[in-house]
1. For region 311-385, what number results from the quotient of the Cα radius of gyration and 2.2 N^0.38 Å?
2. Calculate the tail of P(r) for region 4-148: the fraction of all Cα-Cα distances greater than 23 Å, expressed in %.
3. I'd like the FRET efficiency for Gln141 and Leu339, computed as 1/(1 + (r/R0)^6) with the beta carbon distance as r and R0 of 51 Å, rounded to 0.05.
4. Considering only lysines 8 or more places apart in sequence, or on different chains, count the pairs in the chain whose C-alpha atoms sit under 21 Å apart.
5. Arrange Thr37, Thr2 by Cβ neighbour counts within 10 Å, fewest through most, would you?
6. Sort 209-219, 11-21, 58-68 by the packing proxy (mean of other Cβ within 10 Å over each peptide's residues), most packed first.
7. Let's test the formula: R0 of 22 Å, r as the Cβ-Cβ distance of Gln3 and Ser117. What FRET efficiency results, to the nearest 0.05?
8. Expressed as a rounded percentage, what relative contact order does the chain have, with Cα pairs under 8 Å and six or more residues apart?
Amino acid sequence: MTQPAKLALEDGTVFTGTAFGAKGEVDGEVCFNTSMTGYQEIITDPSYRGQIVAMTYPEIGNYGINTEDVESGRPHLSGFVVRQWTRRASNFRATGELDDYLTQWGVVGLAGIDTRSLVRHIRNRGAMRGVLSTSELDDGQLVAKARASPGLVGRDLVREVIPSQPRDWQERLNPWARAIGDVRGNLVEQASESANSAGPHVVAMDYGMKWNIARHLAEMGCRVTILPGTVSADEILAHQPDGVFLSNGPGDPEPLTYAIDAIRGVLGKTPVFGICLGHQLLSLACGAKTFKLKFGHRGANQPVMNIDSGRVEITSQNHGFAVSEENLPPELEVTHRNLNDQTIEGVRHRGLPAFSVQYHPEASAGPHDSGYLFGKFRELLGVGV
């Protein structure tokens, strides 16, 4: 027997469907992801903290859930919206069903709505706050709750997802990712050559880091120490890193003054590479500003131009904020640009060994066009090369 559920937006729009996953009520900013696969990686990506995610691909759950394709220890999104969820998985790697997984972790799901209509509405009017509920079904009450939701702007969501203690990363890529790595640029060969030498020590600042980033760094022969994103520059440098990595993470970058100050403190003292939120924080540390996008970039099919090479890369992305072109300081040079809306997708410092990209070269899930960026960072480290 199906149970009704509703998604209400702050502008008064209400979508009615059926519940799956956990039962209850959640609020958050409603966004959409255009990936055809990778829903497990999306569900466990800490960058989705505070968001209700709608998938544009109509059938979700058909290959189930497994124990390898996770990007953190648990789901972090507020709610999950699909056109149709598959009740029985069919894949040799599957160890469970999507519905059971969402129920286990308390993630409220909504199925059976016209996701095309929802996505078009958000594209036209912009991302907005919403409430997803299986318990309260009164439209007026739900819309009022959506309007009372805090949203993303000005909130520090990083503190809700970062680890409490430092740790050393040990895990490497699973065999399926490793096989792809062979195709996309000899990443595995580089790792095997450096595995027997004293590899460089990378301190990874965890602002909500996807685990596949640490897997890539380890696969290149790096010794990876993960630190909570709240630590100071002195604490970072006390680990004597050969390089510092700035991770992805959720929400608005501008309230994260502690992270911006720490990055300023390490610039020029060690190479720095940032991804997504890390890109925004590096830019802010250099004097740039950020702004909120109308509806964000989320999916595995975003075209980006590499300005140096003229090559177009198809990229995996997940962000609702971007670096402002108008306020870009002269010491930063734009290296990559989004071909859909011309926003900045990458920068490098003109005088220091520091660079960053807005998208996800670790490609989990998504295309592997940009995997070369890890090799670029490895070259900057200069140890055992």
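1. Details: Rg = 13.2 Å, N = 75, 2.2 N^0.38 = 11.3 Å.
Working it through for region 311-385, the quotient is 1.17.
2. On the way: 2783 of 10440 pairs.
Tail fraction, whole percent: 27.
3. Numbers: r = 42 Å, r/R0 = 0.83.
It comes to 0.75.
4. Values: Lys6/Lys23; Lys6/Lys145; Lys23/Lys145; Lys210/Lys376; Lys269/Lys376.
Value for the chain: 5.
5. On the way: Thr37 15, Thr2 10.
So the ranking, lowest neighbour count to highest, is Thr2, Thr37.
6. Details: 209-219: 25.0, 11-21: 18.9, 58-68: 17.1.
With the highest mean Cβ count within 10 Å placed first, the list reads 209-219, 11-21, 58-68.
7. Values: r = 22 Å, r/R0 = 0.99.
Here the calculated transfer efficiency is 0.50.
8. Details: 975 pairs, mean separation 59.9, N = 385.
Result for the chain is 16 percent.
Rule-based calculations on the coordinates, nothing more; no lab input. Note that this is a predicted model, so its numbers are computed, not measured. All Cβ positions, glycine included, derive from the backbone under ideal geometry; neighbour counts span all protein chains shown.
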